[in-house]
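Just so you know, all these numbers are worked out from the coordinates, no wet-lab data involved. Here the structure is a predicted model, which means the values were calculated and not measured. So basically every Cβ, Gly included, is an ideal-geometry build from the backbone, and we count neighbours across all protein chains shown.
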């Protein structure tokens, strides 16, 4: 038994040590030298940015999506895909933003929702994933949780009582 525990401990700890040893620590630039300029271009002024209020909407309750960083938000359309990259995914019809760049919508289903926004030009697009919450805990989930706990702890209690009886 001790050899099994020792083997498991060694197989789990040794790889961690090699990972820690391989980490590179970046060197800081000396204080008297200015930082090197980066070759990355500055951010585009018309880069669309999406935000959602509340951050995690609730199914059936109103939510607001805002489009920032564009000149005319009324030319942008948003479509909502429920459960993206799934066999059961559903996409809603495109909705338009108002002049202030806001869009009001009600999530119809709980889970992951991908918000796809397309602009007037071919390459203008942005997307964001949002987790839509249930309005209340699902009853089936609570029942399954309680049943699983009863089976697990009931079986452990029965085994303990049987072992102590001998």
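Tabulated data for the structure shown
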item	result
Label point distance in nm, residue 53-residue 72, each placed 7 Å from Cα along Cα→Cβ	2.6 nm
Tail fraction, Cα-Cα pairs, the range 88-138, threshold 14 Å, whole percent	63 percent
Gain on full stretching of the segment that runs from residue 151 to residue 128 - 0.36 nm per residue minus C-alpha separation	4.2 nm
C-alpha center-to-center spacing [the range 59-74, the range 143-166] in angstrom	51 Å
Neighbour-count ranking [beta-carbon atoms within 10 angstrom, fewest first] of 59, 133	133, 59
The range 49-132 - Debye-derived log10 I(q)/I(0), Cα point model, q = 0.13, 0.17, 0.19, 0.21 Å⁻¹	-0.37, -0.63, -0.78, -0.95
Per-pair calculated FRET efficiency, R0 = 25 Å: residue 109 and residue 142 via Cβ, rounded to 0.05	0.80
